[in-house]
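Structure, as structure tokens:
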Amino acid sequence: MEAAERVELARAYRSLRENFADDEAIVKINQKLRGAPREVSDRELTLSIDVSQKSNWESNIVPHLDELPFQFVGKGEQSTLKILLALNKQVEDAHIVLVEEPENHLSFPNLGKLIRKISTKCEDKQVFITTHSSYVLNKLGLENLVLLSAQQGFRLSSLPADTQDYFRKLSGYDTLRVVLARRSILVEGPSDELIVQRAYRDVHGCMPAEDGVDVINVRGLSFKRFLDIASLLEHNQVAVVTDNDGKDAVDVKAGYAGFGGFLNISVHVGDDANFPTLEPQLLKANGRDKLNSIFGQTFSTDDELLAFMKARKTTCALAIFEFEQPIEMPGYITDAIA
């Protein structure tokens, strides 16, 4: 508000306090209180508005949204309103804005609207945001991220421009997970994610997340985008688990040659080109009889079993994940979780 508006509001509030005791309902209540027994106090008991200096309109007048008092509005909407009010202040009043975790208490669509408004309103302001949300990070720009430690701050500003643009457009990617985890394992899809988690549990006796290891489904062919980030994070170990798709493993790894000089990055792929994807690799490691027993099937040929597994990738992976007896894992997966 402008200064003149604040003065007018203070004047109206003072007038309200002075007229409160003259209200007919308040007069009747105070008459009743004055006649009450003196068991509580020998003084005269009445109701009125606090007129001391400590009471002012700034603490007693509250904003309303659709006639609902501010304190009864959802926490997310409260936070959103405070953020946007701060961003709407004139530059001469405040040109630095601090925002703490704007994602808190907001649904995904409402968070999207808030981030769009932050992005458009902060042209002439410097905005510092703390967040645990990859959506916020991706939309406002990975290149702006600063990782803070007790020793130093570290920027991701040297990411390739096309990688920055990629994550900004496809903001569903959990980029913060690979940034914040001390160790990450990148996989192609949900079935790979389940199998890798089962393999890790078999070897280490706990789920990866319980050991500080994040298994991240990067949905297909975006490994290199994540490795662009990993190449800047020398203390974060990142392993890629990928299919050979019928190619020689050496040729597949050659596609990641640009990351070969980084000690924190490793690529794991099945050696045998005759077993191009996860399902054939599992069949090779365990045999048809074992997989038939896991899935409750009686297929008489490997081709029939593979067709069944490929048509039900996630269902079969979940069955393997929940299988209570020991199971063999392909060597490239075992190497990745070691």
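The values are calculated or read from the model by the stated rules, or taken from the named source; none is laboratory data. All values reported here derive from a predicted model rather than from experimental measurement. Here the Cβ is made from the backbone with ideal geometry for all residues, glycine too, and neighbour counts use every protein chain on show.
Could you tell me whether residue 277 is of a type in the set (S, T, N, Q) and in contact (Cβ under 8 Å) with a residue 40 or more places away in the chain?
Against the criterion (of a type in the set (S, T, N, Q) and in contact (Cβ under 8 Å) with a residue 40 or more places away in the chain), residue 277 does not qualify.
Exactly one of (1) farther than 30 Å from residue 153 by Cβ; (2) in contact with a Ser or Thr (Cβ under 8 Å, 6 or more places away or on another chain) is unmet by residue 223. Its number?
Only one criterion is unmet by residue 223, namely (1).
Can you work out which of the residues in region 161-184 that are out of contact with any helix residue (DSSP H, G or I) (no Cβ under 6 Å at 6 or more places or on another chain) and outside any helix (DSSP H, G or I) is nearest to residue 224 (Cα to Cα)?
Only one residue tops the list, namely 170.
How many residues does region 209-231 hold that are surrounded by fewer than 18 Cβ atoms within 10 Å (Cβ to Cβ) and among the hydrophobic types (A, V, I, L, M, F, W, C)?
2
Just the residues that are assigned to a helix (DSSP H, G or I) and farther than 14 Å from residue 79 by Cα, please, taken from region 113-124. Steps first, answer last, please.
Of all residues in region 113-124, those assigned to a helix (DSSP H, G or I) come to 113-121.
Once the filter is applied, which keeps residues that are assigned to a helix (DSSP H, G or I) and farther than 14 Å from residue 79 by Cα, region 113-124 yields 116, 119, 120, 121.
Any residue in region 299-327 that's assigned by TED's automatic domain parsing to the domain that holds residue 204: show its pairings with residues that are among the hydrophobic types (A, V, I, L, M, F, W, C) and assigned to a loop (DSSP other than H, G, I, E, B) at Cβ separation under 7 Å, as long as the two are six or more apart or on different chains.
Here the result reads 305/299; 308/299; 320/327, each pair linking region 299-327 to a residue that is among the hydrophobic types (A, V, I, L, M, F, W, C) and assigned to a loop (DSSP other than H, G, I, E, B).
So residue 250 fits all but one of (1) within 30 Å of residue 166 (Cβ to Cβ); (2) of a type in the set (A, V, I, L, M); (3) surrounded by 14 or more Cβ atoms within 10 Å (Cβ to Cβ); (4) more than 35 Å from the chain's Cα centre (by Cα); what number is the exception?
The single condition residue 250 does not satisfy is (3).
State all residues of region 99-112 that are closer than 10 Å to residue 80 by Cβ and part of a helix (DSSP H, G or I); if no residue qualifies, say none.
Listed by number, the residues that qualify are 110, 111.
Is it the case that residue 270 is touching a residue at least 12 places away in the same chain (Cβ under 8 Å) and not basic (Lys, Arg)? Steps first, answer last, please.
Details: touching a residue at least 12 places away in the same chain (Cβ under 8 Å): yes; not basic (Lys, Arg): yes.
When the stated conditions are applied, residue 270 passes them.
Given the conditions (1) buried (at least 17 other Cβ atoms within 10 Å of the Cβ); (2) over 28 Å from residue 277 (Cβ atoms); (3) in the same structural domain as residue 321 (by TED's automatic domain parsing); (4) in contact (Cβ under 8 Å) with a residue 40 or more places away in the chain, and given that residue 164 satisfies all but one, which numbered condition is not satisfied?
All conditions are met except number (4).
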